[in-house]
Amino acid sequence: MNRFVALLASEDPTITHHWLLPETAEIVYGGLASVIVIGALVKFAGPSIKKSFNARTEKIQKELDDAAGAKVTAESDAKNIRAALGDIAGERARMLADADTQATAVLTEGRVRITAEVAELEAKAEADLNSARGRSSDELRAEISLLASIATPAVVQATLNDQTKNELIESFISSVGAGR
Amino acid sequence: MSTVKIEAYATALFEIAQADGTLALVEDELFRVARAFESNEQLRNTLSDSTIPADRRQQVAEQLLGAKASNTTTQLVSLVVGSGQARDLPAIVDSLVKRASSEKQQEVAEVRSAVALSDDQKTRLTAALTKVTGKPVNLKVVIDPSVLGGLVAVVGDEVIDDTVRTRLDQLKTRI
């Protein structure tokens, strides 16, 4: 003990024999200590570390597999979506074409119907006009007939004097005598 | 009145007139009386009214015909009126005229005119009707103002109408 203390006391701890390398004893002791620590680590912590690495590897692999599966699914979905998009575009085009066809048909039918209705209305208006014209004509004719039937006998009677009556009798006799 | 009764009266009147020797005159006068009777509703009603005593009706008839017809005609009309057959006087007279015409082989020609015909016109008309019908006619003229002018002759079933009234009716129909 005394010697150890004396040894420690004889050395200045602030002064080393080399500016880089430690003391030999420190290397030896340090080396041994490192071997012991490393060995302990390998012996006691190694399996758990290895297990942890394996689990991590499996997890990563699983994630990679899941990602690959997700990628396949995504590609399939993308394909389906693209197909659906294609169908939608086709359906849209078909519907637009149908709508155009129906619109054209409705327009054509409407034109035909309106043309027919206009023609019918024109014909009806023409018939009404003719009917009204005929009615007016008939009414006028009836009015003239009535006035004529009233006026004519009066006019004839006023102009029938005895001489005229005698001439009519002579005309009758001549006509009958001539064998009519 | 039945046809038989009308014929009986016509025969009686015919024989009386014939016996009297005035058949032509009586026939003509009776014909005119019958037409006047037809056209005058008041006269027809008066002479046919059974509520008026027969002698009163006869008196009316005799007063009406007294100055315008021969005595025989007046007596014959009075006879018919007094027996209550005045309403059938036209039919009796027509039958008498037809019988008288048949006796003379003639057809009755009833002519309606608005004015009276002169004797010359009657003669020429008779000749004309005889010519057109092919048989002698017994002309009977009826004064009918409703024809307005011209003449209408009815001989049997044949009608020759050239009156102003008919022409006016035709004109009215055409109008």
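The values are calculated or read from the model by the stated rules, or taken from the named source; none is laboratory data. Owing to the predicted nature of the structure, the values given are computational and were not obtained by experimental measurement. Neighbour counts are summed over all protein chains in view; Cβ atoms, including those assigned to glycine, are modelled from backbone coordinates with ideal geometry. These area figures cover heavy atoms from the full protein model, side chains too; ligands, DNA and RNA do not enter into them. Shrake-Rupley method; radii C 1.70, N 1.55, O 1.52, S 1.80 Å.
Overview of results
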read-out	value
Flag if B:A127 is small (G, A, S), closer than 22 Å to A:E167 by Cβ and more than 19 Å from the chain's Cα centre (by Cα)	yes
Matching residues, the stretch B:80-100, being part of a helix (DSSP H, G or I) and farther than 25 Å from B:V154 by Cα	B:V80, B:V81, B:G82
Per-region count, the stretch B:70-114, residues under 19 Å from B:V60 (Cβ atoms) and either open to solvent by less than 20 Å² (accessible area, probe 1.4 Å) or of a type in the set (D, E, K, R) (or both)	14
Tally, over the stretch A:117-170, of residues that are farther than 18 Å from B:L171 by Cα and open to solvent by less than 90 Å² (accessible area, probe 1.4 Å)	19
Selection count, the stretch B:130-158, where residues are within 22 Å of A:E167 (Cβ to Cβ), outside any helix (DSSP H, G or I) and open to solvent by 60 Å² or more (accessible area, probe 1.4 Å)	1
The one condition in (1) in a helix (DSSP H, G or I); (2) open to solvent by 90 Å² or more (accessible area, probe 1.4 Å) that A:I15 fails to fulfil	(1)
Index of the failed condition, A:I114 passing every other in (1) within 30 Å of B:T126 (Cα to Cα); (2) open to solvent by 60 Å² or more (accessible area, probe 1.4 Å); (3) modelled with pLDDT of 85 or more	(1)
Filter pass, B:L117 being at the interface with chain A (Cβ under 10 Å from one of its Cβ atoms), open to solvent by less than 50 Å² (accessible area, probe 1.4 Å), assigned to a helix (DSSP H, G or I) and of a type outside the set (V, I, T)	no
Candidate set: the stretch B:30-72, residues that are out of contact with any Pro (no Cβ under 8 Å at 6 or more places or on another chain) and among the basic types (K, R); chosen: the one farthest from B:S146 (Cα to Cα)	B:R56
Filter result (facing chain B (nearest Cβ under 7 Å) and over 30 Å from B:T133 (Cα atoms)) within the stretch A:145-180	A:S145, A:A148, A:S149, A:T152, A:P153, A:V156, A:Q157
